[in-house]
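Asks: This is the structure I want to talk about, given as structure tokens.
The values are calculated or read from the model by the stated rules, or taken from the named source; none is laboratory data. All values reported here derive from a predicted model rather than from experimental measurement. Glycine also receives a Cβ, built like all others from the backbone with ideal geometry; neighbour counts cover every protein chain displayed. For the accessible areas, the whole protein counts, side chains as well, though only heavy atoms, and no ligand, DNA or RNA atoms are used. Shrake-Rupley method; radii C 1.70, N 1.55, O 1.52, S 1.80 Å.
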Amino acid sequence: MTTTERAKSNEPRGVVLRYFDALAAGNQEAIWNSWAEDGTAWYGGELPISGTWRGRDQVINGFLATAFAHLDPDREIGLKVTNVFGEGEQVLVEWDSWATGKTGRPYHEHNIGVFVVRDGKIVTMREYADTQHWERALVAAAA
């Protein structure tokens with residue numbers, strides 16, 4: 001699906017891919033518009049971003065903002081979708097993300113997210129990743 005096709009699609013796969021395009025571009029309006037008002041995001045582990053974030057405001061201004069607050073904004077921050085599978089309202093996405101933490105350490109993660117989309121909006125996301133790497137790269141004090 002091309003970027004133009006994604007921009008026009010309210011099908012679950014198109015909605016999720018448009019969201020990833022917005023994340024990669026830093027398009028805050030498109031990120032906001034991708035989420036249902038009562039959307040939820042879940043991330044495992046015991047990190048600053050772990051747990052269930054309820055409501056679009058908490059997903060964006062809580063979960064995403066907390067994650068990005070650990071990254072060095074003066075260094076490259078990137079993501080690339082590597083696989084997308086969709087069935088009905090569910091979409092599974094695999095992606096790579098990379099950055100440098102404010103710790104000065106490199107971050108390179110392989111992620112999987114399961115999204116549920118209804119009426120053209122993301123209503124739930126469950127993200128799975130190596131939480132130990134996240135902690136070592138972005139939080140933990142250097143050994």
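Asks: With (1) in contact with an Asp or Glu (Cβ under 9 Å, 6 or more places away or on another chain); (2) closer than 21 Å to residue 123 by Cβ as the list, and residue 78 as the residue in question, which single condition is left unmet?
Replies: Only one criterion in (1) in contact with an Asp or Glu (Cβ under 9 Å, 6 or more places away or on another chain); (2) closer than 21 Å to residue 123 by Cβ is unmet by residue 78, namely (2).
Asks: Now a separate question. Collect the residues in region 86-139 that are within 20 Å of residue 76 (Cβ to Cβ) and of a type in the set (Gly, Ala, Ser), keeping them in residue-number order.
Replies: The answer is 97, 99, 101, 104, 129, 137.
Asks: Let me ask something else. Scan the strands (runs of 3 or more DSSP E) fully inside region 54-143 and keep the ones with 2 or more residues being open to solvent by 80 Å² or more (accessible area, probe 1.4 Å) and not hydrophobic (A, V, I, L, M, F, W, C).
Replies: Details: elements: 78-87, 90-100, 106-118, 121-128.
Once the strands (runs of 3 or more DSSP E) in region 54-143 are filtered for at least 2 residues that are open to solvent by 80 Å² or more (accessible area, probe 1.4 Å) and not hydrophobic (A, V, I, L, M, F, W, C), what remains is 78-87, 106-118, 121-128.
Asks: Picking from 18, 75, which residue would you name as being more than 20 Å from residue 131 (Cβ to Cβ) and within 13 Å of the chain's Cα centre (by Cα)? Lay out the reasoning, then the answer.
Replies: Working: 75 fails: within 13 Å of the chain's Cα centre (by Cα).
The unique qualifying residue is 18.
Asks: Within the bounds of region 17-38, is there any residue that is surrounded by 15 or more Cβ atoms within 10 Å (Cβ to Cβ) and in a strand (DSSP E or B)?
Replies: Yes, the conditions are met somewhere in region 17-38.
Asks: For residues in region 1-21 being touching an Asp or Glu at 6+ places or on another chain (Cβ under 8 Å) and at pLDDT 95 or above, which is nearest to residue 118 (Cα to Cα)?
Replies: So, considering only residues that are touching an Asp or Glu at 6+ places or on another chain (Cβ under 8 Å) and at pLDDT 95 or above, the one nearest to residue 118 (Cα to Cα) is 12.
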